[in-house]
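Before any comments, here is the structure.
Laboratory data are not the source of any read-out in this text; all were calculated from the coordinates shown. Computed from a predicted structure; not experimentally measured. Cβ placement follows ideal geometry from the backbone for every residue including glycine, while neighbour counts extend to all protein chains displayed.
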Amino acid sequence: MFNIVLLEPRMPGNVGTIGRLAYATGSVLHLIKPYGFGEITQKEVKRAGLDYWEHLEIHEYENIEDFWSKHAFNDRHFLATTKTKQAYFEASYEPNDFFYFGREDAGLPENLLDMSKHTCVNIPMVNDARSLNIANSVSVIIYDAIRQNFKDFDN
């Protein structure tokens, strides 16, 4: 239903958890290298993804340019970041949209955010929290996209 894009993920457990979420929501998981761990077959990834991993639609890319050569960047690519004022629930999502999430330690790079400021979305937080865990962030945004498109959701 949707496309989850992880740009240079660092923690295999997060990738596994997000893979499990992707399977549960009928989403496609796109992983863009380099990773902060070994290969995607690493046991920590599969352990977090449980027995869903083999059923997940997953694609790996050598870099962002490789990804864009297959999925041209346009206004249906949403960028999750703490560096915008637009809340995720203020954007309108459609089936097959792409949702980008950056490295756990750095987020998405500024040059990518500058490419499409109008599709940048954040998850509002109080206090001085820097960010949420990436797996939690993916869950919040993907489930809002499902809420907006529930009639199209195959449940």
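Side notes on the structure shown:
- Non-local lysine pairs in segment 1-138, meaning eight or more places apart or on different chains, with alpha-carbon distances under 25 Å, amount to 8.
- Excluding same-chain neighbours fewer than eight residues apart, the aspartates and glutamates reachable from K151 by a Cα-Cα span under 14 Å are E94.
- Label assignment, Kirkwood radius over Cα pairs in Å derived from the structure, set (i) 16.2; (ii) 15.6; (iii) 16.9: (ii)
- Most mobile listed residue (G36, G13, G107) in the chain, GNM with C-alpha springs under 10 Å: G36
- By the beta-carbon count within 10 Å of each Cβ, the least crowded to most crowded order of M11, M115, M1, fewest first, is M115, M1, M11.
- Placing +1 on each Lys and Arg Cβ and -1 on each Asp and Glu Cβ, with no other charges, gives the chain a dipole about its Cα centre of roughly 340 debye.
- Sum of side-chain charges, T84 neighbourhood, beta-carbon under 13 Å (Lys, Arg +1; Asp, Glu -1): 0
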